[in-house]
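Written out below as structure tokens is the structure these notes cover.
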Ligand SMILES: NC(=O)C1=CN([C@@H]2O[C@H](COP(=O)(O)OP(=O)(O)OC[C@H]3O[C@@H](n4cnc5c(N)ncnc54)[C@H](OP(=O)(O)O)[C@@H]3O)[C@@H](O)[C@H]2O)C=CC1
Ligand SMILES: CC(=O)N[C@@H](CCC(=O)OP(=O)(O)O)C(=O)O
């Protein structure tokens with residue numbers, strides 16, 4: 001029998017992109033809820049309990065409610081794309097490339113927390129340098145980022161695209177999260193293995209999908225003799241043999257005049273760069289991804305495949 005998959009929130013931004021990725025797959029059976037019934041709690045509970053894997057594409061509160069709906073059913077496994085369970089030690093963190101043994105942990109888990117879009121870039125850059133001993137635990141990390149506006153879900157999409165919207169946003173680029181209490185900070189600290197919470201400065205650009213995450217570093221405050229080359233080598237070693245995360249060659253990186261936020265839109269890949277000048281005191285670590293690809297829906301399907309052994 002084919003494994004049954006139910007996407008709770010399938011008519012939202014992340015859910016729709018997962019459905020698109022699943023179209024044409026003959027190895028799974030997709031359970032579906034009509035759009036008009038998407039908030040029908042009884043129907044959702046029935047579908048959740050009929051699934052082998054439920055992928056939650058809901059706000060945090062609704063995701064917690066969905067987990068409670070299957071509490072008495074030991075056969076339903078869950079992938080949650082919300083922020084609700086990302087630092088819960090009972091959940092496997094669904095970033096398969098973060099450690100060699102992570103794919104195995106995800107494959108065997110009942111509960112998998114899909115990473116946030118910004119944390120995928122930030123943790124992807126920071127964690128390998130913590131593991132290699134290059135980045136000290138108490139380093140004051142700063143994360144600057146720009147996301148495509150689909151990162152804000154249906155509401156922000158409507159504000160950006162509909163000029164008649166009462167809260168239309170006409171700005172081509174804006175900063176937000178200005179209280180510095182963004183929901184992704186704890187996740188970046190925990191899985192980035194950081195002693196201090198990073199300063200996180202997010203922004204949104206007038207493009208639907210794409211994301212740049214930057215982590216600038218002072219070499220003098222890293223492990224002795226850390227250099228552009230040794231940092232690149234640590235990242236390249238960490239991701240060797242992976243096909244989704246690419247550490248871009250230093251020579252190619254040095255030749256780039258700019259980084260385009262939408263380069264990886266509509267892909268599930270992530271590119272990591274180490275920018276700087278040999279012998280100079282600073283480096284800038286950069287991750288490039290699609291907020292809805294490796295940052296959300298692409299990672300959810302990758303995790304589902306690991307859980308199915310596909
Ligand atoms: N967009 C992105 O780039 C990313 C999103 N995520 C996460 O994915 C989750 C979904 O976000 P996103 O797809 O962007 O959001 P959307 O607002 O686009 O979609 C959310 C969907 O969930 C439905 N929903 C809301 N509340 C309930 C409820 N109580 N019961 C049933 N259905 C409900 C909404 O229905 P309705 O239309 O009626 O509101 C909508 O269909 C969030 O937790 C978000 O943090 C993660 C990574 C990146
Ligand atoms: C542009 C934008 O608004 N982005 C969202 C983050 C994306 C998202 O929904 O958060 P998760 O990755 O945790 O699911 C935000 O800053 O709240």
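The values are calculated or read from the model by the stated rules, or taken from the named source; none is laboratory data. These figures come from a predicted structure and were not determined experimentally. Here the Cβ is made from the backbone with ideal geometry for all residues, glycine too, and neighbour counts use every protein chain on show.
Looking across the stretch 113-127, just one residue is within 10 Å of residue 83 (Cα to Cα) and more than 9 Å from ligand 1 (Cβ to nearest atom), and that is 113. A residue that is more than 14 Å from the chain's Cα centre (by Cα), within 16 Å of ligand 1 (Cβ to nearest atom) and in the same structural domain as residue 229 (by TED's automatic domain parsing) occurs nowhere in the stretch 267-288. Scanning the stretch 170-198 for residues that are without any contact (Cβ under 8 Å) to a residue 24 or more places away in the chain, surrounded by 12 or more Cβ atoms within 10 Å (Cβ to Cβ) and farther than 22 Å from residue 59 by Cα returns a single hit, 197.
Out of the residues in the stretch 127-157 that are part of a helix (DSSP H, G or I) and away from ligand 2 (no atom under 13 Å from the Cβ), state the one that is nearest to residue 282 (Cα to Cα). Of everything passing the filter in the stretch 127-157, 129 is nearest to residue 282 (Cα to Cα).
Condition first: free of Cβ contacts under 8 Å to residues at least 60 places away in the same chain, surrounded by fewer than 18 Cβ atoms within 10 Å (Cβ to Cβ) and either part of a strand (DSSP E or B) or within 16 Å of ligand 1 (Cβ to nearest atom) (or both). Can you find one or more residues in the stretch 206-223 that meet it? Checked against the condition, which is being free of Cβ contacts under 8 Å to residues at least 60 places away in the same chain, surrounded by fewer than 18 Cβ atoms within 10 Å (Cβ to Cβ) and either part of a strand (DSSP E or B) or within 16 Å of ligand 1 (Cβ to nearest atom) (or both), the stretch 206-223 yields at least one hit. Tell me, which helices (runs of 4 or more DSSP H) wholly within the stretch 1-111 include 1 or more residues that are within 16 Å of ligand 2 (Cβ to nearest atom)? The qualifying helices (runs of 4 or more DSSP H) are 13-22, 60-69. Among the residues of the stretch 139-150, is there at least one that is touching a residue at least 12 places away in the same chain (Cβ under 8 Å), over 24 Å from residue 273 (Cβ atoms) and in the same structural domain as residue 199 (by TED's automatic domain parsing)? No, the conditions are met nowhere in the stretch 139-150. Scanning the stretch 42-60 for residues being surrounded by fewer than 19 Cβ atoms within 10 Å (Cβ to Cβ) and within 7 Å of ligand 1 (Cβ to nearest atom) gives a total of 2. Here is a check on your reading of the model: is residue 291 crowded, with 17+ Cβ neighbours inside 10 Å, in the same structural domain as residue 30 (by TED's automatic domain parsing) and within 16 Å of ligand 1 (Cβ to nearest atom)? In short, no.
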